Amino acid sequence: MAFRRISNPSSQPPLVIIGAGVIGTATAYFLSHLNPTREIHILESSPCLFPSASSRAGGFLAKDWFSSSLADLGILSFDLHKSLSEQNEGPEKWGYAGSTGLSLITRKTTEALEPASARGESWLRQGASRAEAASGSLTPVESLVDGTDLTDLPKWLSTASHPQVEVISYPDSTAQVDPVRFCNFLMGECIAHGVHLHLSTSATRVLTDPDSGNIAAVELNTGITIPCSQILITAGVWTPTVLRELFPNIDHTCPVLNVSSLAGHSIIYRAPPQPDSTTTSTPYTPPPTPSTATPKEKSLCHAVFTTDETASFSPEILSRHTVHEGAPCLEIYLAGLNSPSLPFPPLASEIQAPGMDDPKIQRLHKVGKQLIREGDELEIVRMQVGHRPVMPDGKPIMGRIPNAQLGLVGGGGGGLGGVYTCVGHGPWGISLAPGSGLVMAEILEGKSKTSAYVGLLSVEPAGESGHWRGVVGQGLFS
């Protein structure tokens, strides 16, 4: 990627990013490339990196599965994922690979599935997932009736139920990454470019200039004070808590306070050996990167979307390349059970991993045993839950928060100083992270035109109506 670096940036005060998830890290990554001399500090309240949604994600990437307000950002992000991979050995470093999307309908669920009326945000409904958008809104590329043609099916998928399968995407529009390794790559690059990472660190107070009212510094729980003119809050589901603690006079109608948690349970399995393998120790060879995908290059990774027989939730099953004990291997990620009511602790690192006694894990594992070959003997790598930040309308919110909304007196009359946010990506955080990070970096640097149009995702009122994005307590989950 070619970055146009900002000239004469030495007079810019440091930037403080609160929250070291994939969105904050991606913003720091692109900003450190756009403006190499800019001093950037990332604060993470947990003692470890990526303890919540960023590492619990499926890592599925889509180019054109989004509504019009997100379409530009989706395309930019997908292209940036591909560029990052091509220039940084993505297949080896974080398992980047093209993915074939499949809509699977068993005989038990044919009548239960209903076409989705929206794209990208259908997972917002409790008990739903991206499966509805995938199976209902995307035009099938190819139909495999009753499982008779198995060339497009992953080897780990059980065909005992004689499913009807539709190919809904090829690697030119969907891909897959290992989210943990992808996040670690971005953070490693940030540190290599001089970004300062502060673990077990939180902001305790924001200082403003007594004359102008502008942001002047941030005090930390470590006793350090960082001079700054800009603060970017990317704290996921903890973003409203951070805002209320730092700005006690914040207007209760500030739209960012609408961010809530959509918790998602998931199970990660070790992929079973190939059907024709005579031993479980058969060497694993990662597939080549699909630089120019064609219909024949459909077996790199797979994303299978289906619905259980009661249609009460929509499982999604993703295969992805990872590393186990130093050796590359394939693992299977099973998810689709969402809950907007599951509470989350003050620190992301305090989230307790669910066990097999958890009813949601039991339901997922039942699906795994039915749809994954050798399901009864599958090795479970881990069971987990991630708290994904969402807005009531299912779209992220990004940009500058007006000082008046924060309850700050004065300031905000000009310049780039102030408080910014980028949050609410739901299960699309990994997919949309590169585009969101680049656009936020451009906004923070004052570029008049960003690489993707995000006007409909803005924090500030849009259009002549001056309406804010939602009112607290008047959302989908209220």
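The values are calculated or read from the model by the stated rules, or taken from the named source; none is laboratory data. Fair warning: this is a prediction, and the values are worked out from it, not measured in the lab. Side chains are part of the model used for accessible areas, which takes the heavy atoms of the whole protein and leaves out ligands, DNA and RNA. Shrake-Rupley method; radii C 1.70, N 1.55, O 1.52, S 1.80 Å.
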message = If I take every Cα pair under 8 Å that is 6 or more residues apart in the range 395-448, average their sequence separation and divide by the length, what percent do I get for the relative contact order?
response = 40 percent
query = Probe 1.4 Å, all protein chains in place: accessible area of Ser69 in Å², nearest 10?
reply = 10 Å²
ask   = When all protein chains stay in place, what accessible area (Å², nearest 10, 1.4 Å probe) is found for Glu316?
value = 10 Å²
note = Checked against a 30 Å limit on the C-alpha separation, the offending pairs among Lys82/Lys447; Lys93/Lys447; Lys82/Lys449; Lys93/Lys360; Lys82/Lys366; Lys93/Lys155 are Lys93/Lys447; Lys93/Lys360; Lys82/Lys366
request  = With a 1.4 Å probe and every protein chain left in place, tell me how much accessible area Val323 has, in Å² to the nearest 10.
outcome  = 70 Å²
query = Which order do Arg205, Arg38, Arg56 take when ranked by solvent-accessible area (1.4 Å probe, heavy atoms of all protein chains), largest first?
reply = Arg205, Arg56, Arg38
